[in-house]
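Student: Okay, here's the structure, questions in a sec.
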Amino acid sequence: MRRDYFELDVSNIDWVDEDGDPSKPNVVIEFTGPTVDLRDRLTDHDDNLLDADDTDVTFRLTDDSAESNAGGVVAVTNRLTGDFVLELNQDAEDVLQFIQAARRYGEATDDGDGRYRVELRVDGDELVVYEKSTFLVYSADGDLLRSQSLIPSGVEL
């Protein structure tokens with residue numbers, strides 16, 4: 001699926017810089033391509049939509065993160081098969097700011113419902129919502145960047 005079928009919008013991250021009350025970071029991914037293709041990637045062998053536990057969210061840098069205007073690829077994958085559900089290009093600074101907000105939210109609250117929310121919409125209609133606690137960041141060489149990733153305590157990788 002083409003990356004330009006997806007548009008990403010985040011909310012609830014400004015409170016970190018403003019020392020405001022913690023609010024769960026939210027990312028909305030809007031899809032405008034062929035709905036059948038996306039649904040196929042988001043379903044299991046029994047045609048049920050994948051649960052949050054069946055998906056992983058990652059960010060792979062395509063540039064050195066120290067470079068200005070560094071970029072990368074946000075991906076949602078099927079944890080059971082390893083197949084990509086979706087990929088889209090995004091600025092590294094924006095993604096790392098989102099991860100920082102999710103980390104701070106997790107430190108400030110203990111609601112057990114995840115550190116951030118992912119909403120996937122098709123032409124404005126909600127398809128799935130995932131409450132997530134892990135967001136892995138990889139270098140351009142494919143190395144896991146633990147210090148920049150969001151990894152809950154007690155999780156072994």
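The values are calculated or read from the model by the stated rules, or taken from the named source; none is laboratory data. Just so it is clear, the model here is predicted, and its values are computed rather than measured. Methodologically, a virtual Cβ is constructed for each residue, glycine included, from the backbone with ideal geometry; neighbour enumeration extends over all protein chains shown.
Student: Being more than 20 Å from residue 102 (Cβ to Cβ), touching a residue at least 24 places away in the same chain (Cβ under 8 Å) and hydrophobic (A, V, I, L, M, F, W, C) is the filter; apply it to the range 58-92 and report the residue that is surrounded by the fewest Cβ atoms within 10 Å (Cβ to Cβ).
Tutor: Filtering the range 58-92 for residues that are more than 20 Å from residue 102 (Cβ to Cβ), touching a residue at least 24 places away in the same chain (Cβ under 8 Å) and hydrophobic (A, V, I, L, M, F, W, C), the one surrounded by the fewest Cβ atoms within 10 Å (Cβ to Cβ) comes out as 80.
Student: For residue 29, state whether it is out of contact with any helix residue (DSSP H, G or I) (no Cβ under 6 Å at 6 or more places or on another chain), surrounded by 13 or more Cβ atoms within 10 Å (Cβ to Cβ) and within 18 Å of residue 133 (Cα to Cα).
Tutor: Values: out of contact with any helix residue (DSSP H, G or I) (no Cβ under 6 Å at 6 or more places or on another chain): yes; surrounded by 13 or more Cβ atoms within 10 Å (Cβ to Cβ): yes; within 18 Å of residue 133 (Cα to Cα): yes.
For residue 29, the condition - out of contact with any helix residue (DSSP H, G or I) (no Cβ under 6 Å at 6 or more places or on another chain), surrounded by 13 or more Cβ atoms within 10 Å (Cβ to Cβ) and within 18 Å of residue 133 (Cα to Cα) - is met.
Student: While we're here: Could you grab me the full set of residues in the range 135-155 that are surrounded by 17 or more Cβ atoms within 10 Å (Cβ to Cβ) and in contact with a strand residue (DSSP E or B) (Cβ under 6 Å, 6 or more places away or on another chain)?
Tutor: So in the range 135-155, the residues surrounded by 17 or more Cβ atoms within 10 Å (Cβ to Cβ) come out as 135-138, 148-151.
135, 136, 137, 138, 148, 149, 150 - these are the residues of the range 135-155 that are surrounded by 17 or more Cβ atoms within 10 Å (Cβ to Cβ) and in contact with a strand residue (DSSP E or B) (Cβ under 6 Å, 6 or more places away or on another chain).
Student: If you go through the range 68-118 one residue at a time, how many are of a type in the set (Ser, Thr, Tyr) and under 12 Å from residue 24 (Cβ atoms)?
Tutor: Within the range 68-118, the subset of a type in the set (Ser, Thr, Tyr) is 68, 77, 81, 105, 109, 116.
Subsequent filtering for residues that are under 12 Å from residue 24 (Cβ atoms) retains 105, 109, 116.
The number of residues fulfilling the criteria is 3.
Student: Next up: What about residue 94, is it under 14 Å from the mean Cα position of the chain (by Cα) and under 25 Å from residue 140 (Cβ atoms)?
Tutor: Against the criterion (under 14 Å from the mean Cα position of the chain (by Cα) and under 25 Å from residue 140 (Cβ atoms)), residue 94 qualifies.
Student: Quick check on residue 81: is it at pLDDT 90 or above, under 28 Å from residue 141 (Cα atoms), not in a strand (DSSP E or B) and not small (Gly, Ala, Ser)? Talk me through it step by step, then tell me what you get.
Tutor: Numbers: at pLDDT 90 or above: yes; under 28 Å from residue 141 (Cα atoms): yes; not in a strand (DSSP E or B): yes; not small (Gly, Ala, Ser): yes.
Against the criterion (at pLDDT 90 or above, under 28 Å from residue 141 (Cα atoms), not in a strand (DSSP E or B) and not small (Gly, Ala, Ser)), residue 81 qualifies.
Student: Among 95, 73, 57, which is in a helix (DSSP H, G or I) and either of a type outside the set (Lys, Arg) or modelled with pLDDT of 95 or more (or both)?
Tutor: On the way: 73 fails: in a helix (DSSP H, G or I); 57 fails: in a helix (DSSP H, G or I).
Selected residue: 95, the only one of 95, 73, 57 that is in a helix (DSSP H, G or I) and either of a type outside the set (Lys, Arg) or modelled with pLDDT of 95 or more (or both).
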